[in-house]
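A quick write-up on the structure given underneath.
The values are calculated or read from the model by the stated rules, or taken from the named source; none is laboratory data. Everything numeric in this text was worked out from a predicted model, so none of it was measured. Reconstructed Cβ throughout: ideal geometry from the backbone, glycine too, with neighbour counts over all protein chains shown. Just the protein is used for accessible areas: all its heavy atoms, side chains included, with ligands, DNA and RNA removed. Shrake-Rupley method; radii C 1.70, N 1.55, O 1.52, S 1.80 Å.
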Amino acid sequence: MQLDLESRLTKDHHQSLKLWLRMLSCTTKIETEIRSRLRAEFGITLPRFDLMAQLERHPEGLRMGELSKRMMVTGGNVTGITDQLEQENLVVRVPDPKDGRAFSVKLTPAGRKAFAQMAAVHESWVAELLQEISQEDKGKLIELLSQMKGHLYAREPKDKP
């Protein structure tokens, strides 16, 4: 048996803790595999892939602060990733039309092409990693996790920024 986050558990632990660690273990295992494959196949890190994914969803571009918020990382991290991708001609900074002092980041045509290729392969990897789970069970898991997500968001204060 391979040791992971769940290896800390005993039969006396609360079921909610067991569920949390089981979800975290599965997520960590998948993420580790995807990170490794992205690096080996495309020479790119997961954060760089994630930034490009955000920009692909927003062809008009996103400001650095918005990218930071969406990726849940610091502004400094986004700046560093953007600098690297800009040097490789995968993204470009453009003046924000709403605020001349600010910049938005956009994928370049080369960035769009590279991301499209990576995204297709990424999707096939995720499908491969989850292929042993039946469509019916995937549907059940999605529904259960949607309920959990709804409950967690309902607990947040309504005036939270």
For segment 47-65, name all the residues that are under 14 Å from residue 94 (Cβ atoms) and either touching a Ser or Thr at 6+ places or on another chain (Cβ under 9 Å) or open to solvent by 30 Å² or more (accessible area, probe 1.4 Å) (or both).
58, 59, 60, 61, 62, 63, 64
Residue within segment 66-86 that is of a type in the set (Asp, Glu) and touching a residue at least 40 places away in the same chain (Cβ under 8 Å) present
no
Expected single match for over 30 Å from residue 23 (Cβ atoms), small (Gly, Ala, Ser), assigned to a helix (DSSP H, G or I) and open to solvent by 40 Å² or more (accessible area, probe 1.4 Å) among 114, 110 is 110
So, residue 145, is that one touching a strand residue (DSSP E or B) at 6+ places or on another chain (Cβ under 7 Å), part of a helix (DSSP H, G or I) and surrounded by 10 or more Cβ atoms within 10 Å (Cβ to Cβ) or not?
no
Can you tell me which of (1) closer than 18 Å to residue 106 by Cα; (2) of a type outside the set (A, V, I, L, M); (3) open to solvent by less than 50 Å² (accessible area, probe 1.4 Å) is the one residue 25 doesn't meet?
(1)
Kindly provide the set of residues from segment 22-56 that are among the β-branched types (Val, Ile, Thr) and in contact with a helix residue (DSSP H, G or I) (Cβ under 9 Å, 6 or more places away or on another chain), ordered by number.
28, 30, 34, 44, 45
Do we find that residue 98 is loosely packed, with under 10 Cβ neighbours inside 10 Å, under 19 Å from residue 59 (Cβ atoms) and not aromatic (Phe, Trp, Tyr) in this structure?
yes
Going through (1) open to solvent by 50 Å² or more (accessible area, probe 1.4 Å); (2) in a helix (DSSP H, G or I) one by one, residue 132 fails only at (2)
Of 124, 104, which residue is among the hydroxyl-bearing types (Ser, Thr, Tyr), touching a residue at least 12 places away in the same chain (Cβ under 8 Å) and open to solvent by less than 90 Å² (accessible area, probe 1.4 Å)?
104
